[in-house]
Amino acid sequence: MGSPSSWLVICEGHDADAIWAGSALRRRGHRVELVSSESLASARRFEQHLDGDPDGGADAFRVVLDDGRELDLEQVQGVLNRAWTFPQGHLVGVAPADLDYARQELHAFYLGWLAGLPGPVLNPATPRGFAGAWRSAFDWAVLASRAGLGTAPLAVHSSLGPPAQGMPPAWTPPGAQRLQVVGERLLGPPLPEDVAESVRRLARLSCTPLLELTLLPPGVPPWHSTEWSHGWTFVDARPHVELRWAGEAMIDALAEALADGDGPGQRAGTPEESP
Amino acid sequence: MILLAGIPTETPLQRVAAELDAMGEPYLVFHQRRFAEIEIDASIDRGRVLGWLRIGGQVCRLEDLRGCYSRMIDDRGLPEVAHLDDAAPLRRRCRAVHDTLIQIWDLLDARLVNRLAPMASNGSKTYQARLIREHGFHVPETLVSNDPDAVRAFRQRHRRVVYKSLSGVRSIVTELRDEDEARLERIRWCPTQFQVRVKGMPVRVHTVGGEVFATAVRTGALDYRYASQQGSEAELEAFELPAELAERCVALSRGLGLTFAGIDLALDGEGRATCFEVNPCPAFSYYESHTGQRIGRAVAEYLAGRDEAG
């Protein structure tokens, strides 16, 4: 690295979507450094310096990967962060009594490091997810309602337990529409402007500038209700976005959002919002 | 109605319950070990949580909860289920009850001490330190590294350096000494946090809503919480913070999304405050019992809406 305007793509080694996006951005002439979470986990050298003065100098980072590449984060101007997990295979020799402690230490380290990444970060690390917060269906429904979207009723009972967080629904209601948000851009079916603005507001409220969601169009009944909706209805949302779904339009949107130093991805390190 | 969640014999929860009793405020106890007697039915409609909570023979509508205080521990460690396999029905029932409460907690239209999502900032010291610094506090100059040479250089530059955990686990502050040199190679498997040793008087500041309780600690120990183990003692006394600093502490807690927080400061001779961390679930009873500061009362009043803001 070393040239200005570098973008960093951090992802798991098997994340074909992120690798595709990194390659597509490179083909367009952007400088992109692709780093796997596996190579970060086995980095030869990690240094994170945190300056103590609130009005003082900047923090400094130095990472030398196991293949000898050095990441100069001072040159990084935007990050596509898809580091959902980091491998922990090297903990295999840790005594059972220390294993939970070791895992928590590594979690704390990666969170602190990712949250310090410079430039627009899509998505910023939060305590509830390295690459964007995993939220419950209830959480998303409340945020969607606050953002101005219609929501279908949800219920939970303690004998059953709540649904798994943030995962795509096991069953998508017929007629449901998939939509992706990248900064201020929406990818997917055209929406009325007020609904589109509510979707953007949801991405801002959830501090998730790269967001995928499912909406039901007007006239389609929610899956567990006999009431027909008169407007667009929120079904679910997740920070894990299938990047290839929108094709080159996604690359256009990523390039725009990563280049936007004042954009919504410039939020690493802010405390995550919650309903 | 006020909800207290945790183990009722745990001292901070016990103290808040005693204050609520003294105030004549009704409350329910979500006794974690009695999860089998608890049932929650919740729904969400147009952004509002509705439903009910049954604890033994008592039933309360969720929308009637005015204040909620959690001192919950990880339910997987409860004696009733700790020995059971994950798939065991009793353990699954315990999980489901706790998961349900956790999922609706932050969404309740009540005074929450605290919301759960913001509490997680304390799980990574460097993550939280950056937030603390953004609120105008000095933080200790810090190096996190897996490279022994980088640590040696850091120590050479600053001379007195401490190390402590990055997470909230085993967070005991210890000075890095010559005899630790041989052990430094061990950091290669896990980046470790080192900080410049900050001089100054330790002060624990509890903020409850807009109220501030500061406690000064006179000690020769590096980490006063473990003073006796470090061959020292710790004397605690109520302390008056400068008004500007007290306001900054309240602003910091609010900025982190916390209604009740324990802020660890060091005050130097020039009045500069360095913040080590913000505890989102402070065990205030230790400070209260040494100083007589009525922190538990303030928490109870906050929950009941009897504080200034209420």
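The values are calculated or read from the model by the stated rules, or taken from the named source; none is laboratory data. Every value quoted in this text rests on a predicted model; they were computed, and no experiment measured them. Quick reminder, even Gly has a Cβ in these numbers, built from the backbone with ideal geometry, and neighbours come from all protein chains shown. These area figures cover heavy atoms from the full protein model, side chains too; ligands, DNA and RNA do not enter into them. Shrake-Rupley method; radii C 1.70, N 1.55, O 1.52, S 1.80 Å.
Estimated from the Cβ-Cβ distance and a Förster radius of 51 angstrom, the FRET efficiency linking B:T11 and A:D66 is about 0.60. Rounded to the nearest 100, the interface formed by chains B and A buries 4700 square angstrom of accessible surface, both chains summed, with a 1.4 Å probe. Near B:H158: Cβ cut-off under 10 Å, other residues only, Lys/Arg at +1 and Asp/Glu at -1. The net charge is +4. Among the residues of segment A:24-55, those with an accessible-area drop of 20 Å² or more from chain alone to full protein complex, heavy atoms and 1.4 Å probe, are A:R44, A:R45, A:F46, A:E47, A:Q48, A:H49, A:L50, A:D51, A:G52, A:D53, A:P54. Relative to one another, the C-alpha centroids of segment B:154-179 and segment A:64-119 are positioned 20 Å apart. Accessible-area loss of 30 Å² or more (1.4 Å probe, protein heavy atoms, chain alone versus all protein chains) is found in segment B:178-192 for B:W189, B:C190, B:P191. Estimated purely from DSSP H runs of n ≥ 4, each contributing -39500 (n - 2.57), the mean residue ellipticity at 222 nm for the protein assembly as shown is -8000 deg cm²/dmol once divided by its residues.
Remark: accessible surface ordering of B:H83, A:H107, A:H49 (largest first) is B:H83, A:H107, A:H49, probe radius 1.4 Å. Protein heavy-atom surface of the protein assembly as shown, 1.4 angstrom probe: 49% of the accessible area is carbon and sulfur, with nucleic acids and ligands not counted. Per residue, the protein assembly as shown exposes an accessible area of 42 Å² to a 1.4 Å probe, with every protein chain left in place.
For the pair B:R76 and A:E248, how long in nm is the line joining their label points, each one 7 Å along Cα→Cβ? Taking the simple label geometry, B:R76 and A:E248 are separated by 4.8 nm. Relative to the longest principal axis of the Cα atoms of chain B, the long axis of helix B:148-158 makes an angle of roughly 70 degrees. Basic side chains Lys and Arg get +1 at the Cβ, acidic Asp and Glu get -1 at the Cβ, and with that the dipole of the protein assembly as shown about its Cα centre reaches some 500 debye. Give me the angle, in degrees from 0 to 90, between the Cα long axis of helix B:89-105 and the longest principal axis of the Cα atoms of chain B, rounded to the nearest 10. Taking Cα atoms only, the helix is inclined about 80 degrees.
With a cut-off of 20 Å on the backbone N, the residues of segment B:215-236 near the modelled label site 7 Å out from B:D180 along Cα-Cβ are B:220-232.
What's the FRET efficiency of B:M201 with A:R26 using the Cβ-Cβ distance as r and R₀ = 51 Å, to the nearest 0.05? Result of the calculation: an efficiency of 0.40. Per-residue SASA remark: B:Y27, around 60 Å² accessible (1.4 Å probe; ligands, DNA and RNA not included). Take the Cα of B:E244, go 7 Å toward its beta carbon, and the backbone nitrogen atoms of segment B:126-146 under 14 Å from that spot belong to B:136-138.
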